[in-house]
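Some notes on the structure that comes next.
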Amino acid sequence: MQRWSLLYSRVALVILALGLTVTAAACSHPPAPVGPHQLLFVTLPDTRSVAIFAAGTSGDADPLGTIHESAPDTPVDSSVNLRGEVFVANRNGSIKIFAGRDYNYQLVRSIAGPHTQLLHPSSMAVDPMGDIYLADRGAAPTPAKIIWLPAGLNGNVFPDRVVTGPHTGLTSPTGIAIDASEEVFVADHDSGKILVFSADARGDAPPIATIGGFNGPQRVFVDQDLNLYVSSDGDSSIAVLAPDGPLRWTRTATITSATMTSPRGVAADNSGQIAVAVNGAILYFAAGANGPSTPLMELQGPAAMNPTGLMIR
């Protein structure tokens, strides 16, 4: 698929860069190890932490590793780049970047301050290179916005681009995702829409596509085939949409469950299995699930958790 050629090029550049780093003297922030399966990153505001599990882990299993923050930082979402650096977006308007090996992470960079325009982040996506895409709900009189921060930044820095204004359609962005061509998908809770912005959008740019019909969309996830997964707390559902043309999607499934109330984070693994964050657990649904469904399994973790963001990488 042509639009994916950019991803392959970017990934190849990262792999080449990592190879050159290995042959140099030393890397101060080596990438996290690659486990036998994909990894599941679970954002836990109540404990100011991000827990890392092997994707598909169930029951009361211990995480492989945990990133802990301290007050006033309260994480709302997390993501990871190809180097294995973990990015944590905090409700108070900061982004913390952690790196390490053997799931022992240390803080290596922090982005915060008035120049960043970060007020109340609600969701974050990070591309393989480490560019940051962040949804910010703003605070009156400052309107909601989407913020782009290029890779490698540290401190009180200016964003590369900001999308905000009446033509954007942004009212209450609660979820954000990107595809391989870096088009941006935003779950706008109060309007009940997914807004799609071009990769180079800035200022008061209108969306290049709008997908309606959701009841309080919370988070959105885009898989490698451009399928969309949308969690909605208004009707406690997960919508699955498949592409049916340029910038067009058709709903193919609506998943509900007696155990799924007010879902937040949603993600799918390489097999199409769907992970959903609900109060007290992560629920896994089978690929192709539709209508009233029973989870394949649940992940509660070693202690009660109230997850928000999910990332499978």
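Between Ala303 and Ser58, full extension at 0.36 nm per residue minus the direct alpha carbon distance yields a gain of 86.9 nm.
Modelled label positions at Ala287 and Thr210, each set 7 Å beyond Cα in the direction of Cβ, lie 3.5 nm from each other. Among the trypsin sites (Lys or Arg not before Pro) in the stretch 202-264, none sits in a DSSP loop with a Cβ that has at most 12 other Cβ atoms within 10 Å.
The distance between label points at Asp102 and Val157 comes to 3.0 nm (points 7 Å beyond Cα on the Cα→Cβ vector). Here the Gaussian network model covers the chain, with springs between Cα atoms less than 10 Å apart; of Ser79, Ser181, Ser58, Ser181 fluctuates the most.
Considering only Ala258, Ala144, Ala289, the mean-square fluctuation computed in a Gaussian network model of the chain, springs between alpha carbons under 10 angstrom, is largest for Ala258. Starting from the Kirkwood radius over alpha-carbon pairs of the stretch 30-162, derive D by Stokes-Einstein at 20 °C in a medium of 1.002 mPa s and give it in µm² s⁻¹. Once the numbers are plugged in, D ends up at 142 µm²/s.
Eigenvalues of the alpha-carbon gyration tensor of the chain, scaled by 5 and square-rooted, set the equivalent ellipsoid semi-axes at 26, 24, 20 angstrom, largest first. For the stretch 135-163, backbone nitrogen atoms closer than 16 Å to the point 7 Å from His115 Cα along Cα-to-C-beta are found at 148-162. Only helical runs count toward this figure. For the chain, summing -39,500 (n - 2.57) over DSSP H runs of n ≥ 4 and dividing by all residues gives -2000 deg cm²/dmol at 222 nm.
Read-outs throughout are calculated quantities, based only on the coordinates presented, and are distinct from any laboratory measurement. Bear in mind that the values here come from a model prediction, so they are computed numbers and not experimental data. Cβ: placed from backbone, ideal geometry, glycine included. Neighbour counts: every protein chain shown.
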